[in-house]
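Shown next, in structure tokens, is the structure this report addresses.
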Amino acid sequence: MAQIVMWVLFIGPWLLLFAVDKERVKRYMAVSLFGVVLLTVVFQIADHFNYETLFFFVNMTPFPFGIFIIGTLFIFYFTYPGFWMFMIINAAFDLFQAFVMSPIFEKLDIYTLKGMNHFLLFVLMMVIAVLLFLYQKWQDTAFKLSIK
């Protein structure tokens, strides 16, 4: 069952890209990829977690490369540049992830939180959200400078 859930969360979100404006997707893909880098670093730091992986992901779940990258893209797509709207929507998704999905993933033996409770997981995700927002703001200034 865990393998099915991970495959769905890895491949399913990518299908949503067919339904949105490609130019806006291009605008937010860089911040989504930055988020994947951040999450990959977090997974490597937290290598002591005990979780199951897909065969080609060593020491991490497929979460960063599926639902996270597309979820980040869509949150930016619908909320950016409004900081508070971005944070409210992010908080809602992060609360759902930390307190609903994480316990389900733990029951499926996808991973186990060790040394971290669900509230700290939520806080970590919110810190990542702030970093992503700041990165996108920085990207916007970089694009404005390159256009001139």
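Between a first residue in segment 68-79 that is within 8 Å of Ser32 (Cα to Cα) and a second residue that is modelled with pLDDT under 95 and of a type in the set (S, T, N, Q), which pairs have beta carbons less than 7 Å apart while being 6 or more apart in sequence or on different chains? Taking only residues 6 or more apart or on different chains, the pairs are Ile69/Ser32; Thr72/Ser32; Leu73/Ser32. With respect to (1) polar (S, T, N, Q); (2) surrounded by fewer than 16 Cβ atoms within 10 Å (Cβ to Cβ); (3) at pLDDT below 90, the lone exception for Thr53 is condition (2).
Taking residues in segment 1-23 that are part of a loop (DSSP other than H, G, I, E, B), and partners anywhere that are at pLDDT 80 or above, the pairs with Cβ atoms closer than 9 Å and at least 6 places apart or on different chains are Met1/Leu108; Val20/Leu73; Val20/Phe74; Val20/Tyr77; Asp21/Tyr77.
I'd like to know if segment 25-40 contains one or more residues that are of a type outside the set (D, E, K, R), at pLDDT 80 or above, part of a loop (DSSP other than H, G, I, E, B) and open to solvent by less than 20 Å² (accessible area, probe 1.4 Å).
no
Which ones in segment 67-117 are small (Gly, Ala, Ser) and closer than 22 Å to Leu15 by Cβ?
Residue satisfying the conditions is Gly71 alone.
The values are calculated or read from the model by the stated rules, or taken from the named source; none is laboratory data. Bear in mind that the values here come from a model prediction, so they are computed numbers and not experimental data. With ideal geometry, Cβ positions are generated from the backbone for all residues, glycine too; neighbour counts draw on all protein chains shown. Note: areas computed on protein heavy atoms with side chains; ligands, DNA, RNA excluded. Shrake-Rupley method; radii C 1.70, N 1.55, O 1.52, S 1.80 Å.
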